[in-house]
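Since the structure comes first, as structure tokens, the remarks are kept for the end.
The values are calculated or read from the model by the stated rules, or taken from the named source; none is laboratory data. The shown structure was predicted, so the numbers you read here are calculated from the model rather than taken from an experiment. Cβ atoms come from the backbone with ideal geometry, glycine included; neighbour counts cover every protein chain shown. Side chains are part of the model used for accessible areas, which takes the heavy atoms of the whole protein and leaves out ligands, DNA and RNA. Shrake-Rupley method; radii C 1.70, N 1.55, O 1.52, S 1.80 Å.
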Amino acid sequence: MPAATILKETVNPFDEFPDVFPETKNLDLLLLRPGMDHRIQLKDPNLMISTRNLKLKYKFLLQLFEKLT
């Protein structure tokens, strides 16, 4: 059998990397730090940008309806 197809015994990533997979999840968001918040400064901050709706081709529209139903 080629060496590439020989697999190790089952490796549990939770046991092998406990710092990556902690027992409890921390759901708190990081605090915002002054100077570290990234924003895009517009030339005209009062400019209202409207986003256009994307049009879906008819052939894909039928597939979308089938998937939604």
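Any residue in segment 39-46 that is exposed (fewer than 10 other Cβ atoms within 10 Å of the Cβ) and under 23 Å from the mean Cα position of the chain (by Cα)?
Within segment 39-46 (the criterion being exposed (fewer than 10 other Cβ atoms within 10 Å of the Cβ) and under 23 Å from the mean Cα position of the chain (by Cα)), the answer is yes, since at least one residue qualifies.
When residue 59 is tested against (1) open to solvent by 100 Å² or more (accessible area, probe 1.4 Å); (2) modelled with pLDDT under 80; (3) not in a helix (DSSP H, G or I), only condition (3) is not met. A residue that is open to solvent by 100 Å² or more (accessible area, probe 1.4 Å) and modelled with pLDDT under 75 cannot be found anywhere in segment 11-21. Of all the residues in segment 47-65, those that are among the aliphatic types (A, V, I, L, M) and more than 24 Å from the chain's Cα centre (by Cα) number 5.
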